[in-house]
Amino acid sequence: MEQSHVDQRTRFVVLASGTGTLLQSLLDATADPGFPAQIVAVGADVPDAKALDRAQKSGVPTFVRMVSEYPLRTDWDSALTDAIDEWNPDWVFCAGFMRILGPSTLARFAGRIINTHPALLPAFPGAHAVRDALAYGVRVTGCTVHLVDEGVDTGPIIAQAPVHVDASDDEAGLHERIKMAERSLVVGTMAAIASRGCVIDGRRAYIP
Ligand code: GAR
């Protein structure tokens, strides 16, 4: 008799808004059954996010909750919370999700939402981190995976990777080099959290 196989690996819902190259790295990693995490669904805030195509090509279910579909921002927040919760995730990973999560989502998945950001936080939070780092003239920038709290890119830091800024860098080129580092960082962090969890001690977060 054929046995049905239930995937017991740690469950992640990934949220993305754009091209989803980071998501692709996560999809590629989780395709290996020996990898300790699975992606149970991918959610977006825009219906044309290329990330959704990437998920569908990998056979991962998707959902979209657009802010403009709801009369109030709090309604969108509740709808997003429920859409994520339907997949019963252990963790939520914002990988290029360009919306600030609301109080309902933060409360439902408290301490279990992580975000990746294209700068070495606490420097250059917000939506234009790469541009801001270039404009400031830093010689080293990078990427950060951190827990999400109610602030903008302010939660406890889990992992970081540095990237040197070249004199000839423009925003697109530097962001692409940051994303090369970021793809390894997100995959490594997902694996580590899936295997060992994450301990939060005040401002400090670490994977035991
Ligand atoms: C990544 O660099 C991620 O850090 C950034 O969007 C990019 C997504 O790339 N996220 C933010 O800026 C969130 N504030 P991708 O669409 O190629 O995966």
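The values are calculated or read from the model by the stated rules, or taken from the named source; none is laboratory data. Quantities reported herein were computed from a predicted structural model and do not represent experimental measurements. As a convention, Cβ positions derive from the backbone with ideal geometry for all residues, glycine included, and neighbour counts pool all protein chains shown.
Among the residues of segment 2-53, the one identified as surrounded by 17 or more Cβ atoms within 10 Å (Cβ to Cβ) and modelled with pLDDT under 95 is 18. Checked against (1) in contact with a Gly (Cβ under 8 Å, 6 or more places away or on another chain); (2) under 16 Å from residue 189 (Cβ atoms), residue 25 meets all criteria but (1). Residues in segment 135-154 that are in a loop (DSSP other than H, G, I, E, B) and within 13 Å of the chain's Cα centre (by Cα): 148, 153.
The set of residues in segment 87-134 that are under 18 Å from residue 205 (Cβ atoms), of a type in the set (A, V, I, L, M) and not in a loop (DSSP other than H, G, I, E, B) comprises 92, 106, 113, 114.
Quick one: is residue 138 modelled with pLDDT of 95 or more and within 14 Å of the ligand (Cβ to nearest atom)? Spell out the reasoning first.
Details: modelled with pLDDT of 95 or more: yes; within 14 Å of the ligand (Cβ to nearest atom): no.
So residue 138 fails the test.
Of all residues in segment 164-176, those satisfying the criterion of being surrounded by fewer than 18 Cβ atoms within 10 Å (Cβ to Cβ) and in a helix (DSSP H, G or I) are 171, 172, 173, 176.
Taken over segment 83-104, the criterion of being closer than 15 Å to residue 17 by Cβ and touching an Asp or Glu at 6+ places or on another chain (Cβ under 8 Å) is satisfied by 97, 98, 99, 101.
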